[in-house]
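Enquirer: My questions will all concern the structure given below.
The values are calculated or read from the model by the stated rules, or taken from the named source; none is laboratory data. Note that the structure is a prediction, hence the values are computed from the model and not measured. All Cβ positions, even for glycine, are placed from backbone atoms using ideal geometry, and neighbour counts span all protein chains on display.
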Amino acid sequence: MSKLDGGGIYRSVLTRNVLLLVACQVINISGTVTMVTLGGILGAVLAENQALATLPMSLMIVGTAGATIPASYLMSRVGRRAGFMVGAGFGVCSAMLAAAGIWLGSFELLCVAATTLGAKLGFSAQYRFGAAESVPPAAASLAISMVLVGSLAGAIVGPTLALGARNWIDGAEHAGTFFALAGLYIGEVVFLSRLRFAVPGLRAEASERTGLRSVIRNRVFLIAVLGGVVGQGTMTFIMTATPLSMHVIDGLSLADTALVIQSHVIAMYAPSLVSGFLVMWLGAPRMMATGTVVISLTIVVGLAGHEFLHYWGALSVLGLGWNLLFVGSTTLLIGSLSDAVRFKAQAANEFSVFGVSAVASLSAGAIVHYLGWNTVLLSVLPVLVMMLAAIAMLPRQRVATASV
């Protein structure tokens, strides 16, 4: 890893691409939070069967998992900029479909809109890769964390947009919110059009196929993927179960439940202000181990009781642990790949991460309903122990500099 002094780190990471991608991430997360905030509410209004009220949210996650491989394939052919712009175009379509669904009272259109938004997220989830590719290897973790800081701003903009624009169109509450969101996505397309990458895209060659075989045998790459899967999967699993356990089962107020989720989102992204530097200081493996241990504290806090403070503490710790594990895993992943295989290897990573996240989201409600909150917490413990064991198997050398 190349050495950079403090000033050099800052100068190297404050590039045109990184700043544009941070702005795009603000818009990206604003749209996601808006759909998460309103999707269930609109589903309950529009669906004839109330049991299907949360179907749009599940379809959004499924759409994300399904788009990851096509997104990477497209970007390997046409480059990051064009691929990201296609993804933002899906966002515009999604927002307009949602507005039309509300106007027409169509639950089916809302479901299509949520799935399309999921496809958009399959592209924009790779903003962190684009940022890391825009800076020297030594500053990759800082670029990744800066993009995640944009998520924090987006988590604030989304609810504000949902409330501020909901009455723009008479007789179609919340349709105005999605029209406003479509405007933001158009702005995202404009920002993305200003990106400049040195490598426009890579053609598939025999050497790429050979390289992929070496990736599959690369322990560092596999453990990096496992870190993303464990971090995102456990976070989604516990977070999805929390509102049902808090509000429906334990009877805590909706306001308390919303505050816990909001605190969780802040805890997920606020550490990005420093987590990039922590990776450079600790190294990716130690960062991943620290994040895994912090996530395990979620179990301790959550099992202590079922009051507001227990849920708030557990979800806040969960968000912090996710950030440390996710940033560490992404940094390790990028350092383990050569240019010849990065798109396909990143596609495999994203599909694994969001595929498991979709399964976790779909199963969390049933498990907390039938087996309870404590079972939700305890069920992730074996996975966390496996993660720590895998990290211990990493080579002792500074793997961030290795490329297969």
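Enquirer: In the stretch 44-57, how many residues are within 25 Å of Gly183 (Cα to Cα) and at pLDDT below 80?
Expert: Total meeting the criteria: 1.
Enquirer: Then there is this: How do the pairs read when you match residues in the stretch 156-174 that are free of Cβ contacts under 8 Å to residues at least 24 places away in the same chain with residues anywhere that are in a loop (DSSP other than H, G, I, E, B) and surrounded by fewer than 18 Cβ atoms within 10 Å (Cβ to Cβ), using Cβ under 8 Å and keeping only pairs 6 or more apart or on different chains?
Expert: Arg166/Glu173; Asn167/Glu173
Enquirer: Collect the residues in the stretch 241-286 that are closer than 22 Å to Val149 by Cα, of a type in the set (Ser, Thr, Tyr) and buried (at least 21 other Cβ atoms within 10 Å of the Cβ), keeping them in residue-number order.
Expert: The answer is Tyr269, Ser272, Ser275.
Enquirer: Could you check the stretch 104-129 and list, in sequence order, the residues that are part of a helix (DSSP H, G or I), of a type outside the set (D, E, K, R) and closer than 21 Å to Trp322 by Cβ?
Expert: Of everything in the stretch 104-129, those that are part of a helix (DSSP H, G or I), of a type outside the set (D, E, K, R) and closer than 21 Å to Trp322 by Cβ turn out to be Gly118, Leu121, Gly122, Ser124, Tyr127, Phe129.
Enquirer: Does any residue in the stretch 308-320 that is part of a helix (DSSP H, G or I) come within less than 7 Å, Cβ to Cβ, of a residue that is of a type in the set (Asp, Glu) six or more places away or on a different chain, and which pairs are these?
Expert: Correct list of pairs: Phe308/Asp256.
Enquirer: Here is a follow-up. Find the residue count for the stretch 50-109, including only residues that are charged (D, E, K, R), touching a residue at least 24 places away in the same chain (Cβ under 8 Å) and surrounded by fewer than 17 Cβ atoms within 10 Å (Cβ to Cβ).
Expert: Counting residues in the stretch 50-109 that are charged (D, E, K, R), touching a residue at least 24 places away in the same chain (Cβ under 8 Å) and surrounded by fewer than 17 Cβ atoms within 10 Å (Cβ to Cβ) gives 1.
Enquirer: Still on this structure, I have one more. May I ask you to list the residues in the stretch 320-337 that are surrounded by fewer than 24 Cβ atoms within 10 Å (Cβ to Cβ) and over 14 Å from Leu222 (Cα atoms)?
Expert: Answer for the stretch 320-337, where residues must be surrounded by fewer than 24 Cβ atoms within 10 Å (Cβ to Cβ) and over 14 Å from Leu222 (Cα atoms): just Leu320.
Enquirer: Would you confirm whether any residue within the stretch 36-49 is of a type outside the set (Asp, Glu) and farther than 21 Å from Gly171 by Cα?
Expert: Yes: one or more hits.
Enquirer: Test of understanding: among Val149, Val135, which residue is assigned to a helix (DSSP H, G or I), in the same structural domain as Leu104 (by TED's automatic domain parsing) and surrounded by 18 or more Cβ atoms within 10 Å (Cβ to Cβ)?
Expert: Working: Val135 fails: assigned to a helix (DSSP H, G or I).
Sole residue among the options that is assigned to a helix (DSSP H, G or I), in the same structural domain as Leu104 (by TED's automatic domain parsing) and surrounded by 18 or more Cβ atoms within 10 Å (Cβ to Cβ): Val149.
Enquirer: Which ones in the stretch 351-404 are modelled with pLDDT under 80 and more than 24 Å from Ile299 (Cβ to Cβ)?
Expert: Selection gives Pro395, Arg396, Gln397, Arg398, Val399, Ala400, Thr401, Ala402, Ser403, Val404.
Enquirer: Does Val301 count as within 20 Å of Leu332 (Cβ to Cβ), aliphatic (A, V, I, L, M) and either at pLDDT 95 or above or not assigned by TED's automatic domain parsing to the domain that holds Ala153 (or both)?
Expert: Numbers: within 20 Å of Leu332 (Cβ to Cβ): no; aliphatic (A, V, I, L, M): yes; either at pLDDT 95 or above or not assigned by TED's automatic domain parsing to the domain that holds Ala153 (or both): yes.
Judged against the criteria, Val301 is not a match.
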